[in-house]
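Please read the structure below before turning to the comments.
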Amino acid sequence: LVAGILPFALGMALSYNQSNQSLRGVIGSSFHTLAQEAANKIDFILEKEIAKNRQTAENPDIRGWVEKQSQVFQNEYRMQSLIDNEGSHELLSFLKEVTHSTEATLSFFITDAHGKLLASVNGDAPLAARQDEVWNKVLAEGVYVSGIYPDEKSKEYAFKMVLPIFSGQRGDAPRGQEKSASSSVKGAPIGLLHRVYLVKTYFAPPLESIRFGDTGHVMIVDNKGVVIDCPVLPTGFQITNKQVIQAVVSPTPGWAFTQGNGHGSGEESIIGFSPLPKSNVLLERSSGVHWHMFAWQASE
């Protein structure tokens with residue numbers, strides 16, 4: 001009986017091990033593909049958002065109004081006058097379309113070349129917003145995209161895009177400021193267009209609808225393991241499992257079998273991951289962060 005059972009048990013064990021490895025590979029490949037597709041989707045959304053904001057910054061009415069303001073000396077500097085002027089009305093016209101990005105817009109405002117607030121759609125904009133480091137990056141790259149940060153007023157996490165506004169005439173950059181490669185064609189940089197988004201409101205619609213099984217979902221994290229958006233974990237949550245972080249922030253897409261799932265459990269997990277191929281190039285130059293997609297489902 002023992003002689004008959006031993007080869008049978010050995011065969012069952014080998015069969016189970018091979019099937020398990022094969023199943024892991026199939027699931028891992030599926031999660032890898034899902035994470036990569038989700039990363040491409042967010043890349044497209046961000047690219048479209050930048051293009052839309054660039055159209056606003058290059059709008060002749062916006063540009064002409066900023067040029068005119070630079071020649072006007074304002075004795076009174078009240079927030080009410082900044083959210084009820086020609087520039088703020090122009091900005092509001094770009095928020096008429098009801099989209100997830102419009103709903104996620106926390107503040108939308110214009111500053112001049114010295115950081116002085118010129119127009120805003122609401123009272124959440126700072127009166128002085130330009131920092132030399134951001135200004136130089138905006139001129140060098142054409143756009144600045146920040147990492148996520150806690151907004152003091154809304155008590156939620158936000159991120160921002162900043163784009164340059166150029167004059168309609170060719171000219172030199174303002175004194176003390178660097179001249180960008182494109183300023184000789186578009187004219188002198190005369191201001192900045194700032195748009196601040198609530199992270200959860202912006203990323204939840206395109207990401208949290210991707211569900212599979214009872215627990216399967218995709219999430220987006222930065223290179224430090226801070227959650228940007230997830231249907232389960234709150235934005236800003238720090239993943240503490242270093243093995244999981246090291247696996248999912250790889251510069252190339254793939255999948256990994258890890259001890260831990262990034263959601264607080266130490267169970268063995270299969271995780272698909274992918275960086276945002278286009279957006280990470282811009283994020284690296286702007287704020288030094290990377291964003292990565294994470295596809296996961298409970299092991300059971």
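The values are calculated or read from the model by the stated rules, or taken from the named source; none is laboratory data. In this text the structure is predicted, and so the values were computed from the model without any measurement. We place every Cβ from the backbone using ideal geometry, glycine too, and count neighbours over all the protein chains shown. Note: accessible area is taken over every heavy atom of the protein model, side chains too, but ligands, DNA and RNA are not part of it. Shrake-Rupley method; radii C 1.70, N 1.55, O 1.52, S 1.80 Å.
Accessible area per residue was computed with a 1.4 Å probe on protein heavy atoms; residue 6 scores about 110 Å². Per residue, the chain exposes an accessible area of 50 Å² to a 1.4 Å probe, with every protein chain left in place. Looking at segment 209-262, the pairs of alpha carbons with a distance over 12 Å make up 66% of the total. If a helix is a whole DSSP H run, which ones in the chain reach 20 Å or further along their own axis (Cα) and hold a mean Kyte-Doolittle hydropathy of at least 0.0? Passing helices, by number: 2-57. Ignoring lysines fewer than eight residues from residue 153 along the same chain, the ones with Cα atoms less than 27 angstrom from its Cα are 52, 96, 116, 137, 200, 224. Mean separation of Cα pairs under 8 Å and 6 or more residues apart, divided by the residue count, gives the chain a relative contact order of 20 percent.
With a cut-off of 13 Å between beta carbons, the residues surrounding residue 236 carry a summed charge of -1, where Lys and Arg count +1 and Asp and Glu -1. Over the chain, DSSP H runs of length four or greater, each weighted -39,500 (n - 2.57), average out per residue to a 222 nm ellipticity of -12500 deg cm²/dmol.
Between residue 107 and 196, the built amide H atoms are under 5 Å apart, and every one of these is 5 or more places off in sequence or on another chain. Of the GluC sites (Glu not before Pro) found in segment 83-122, the ones in coil according to DSSP and having at most 12 other Cβ atoms within 10 Å of their Cβ are 97.
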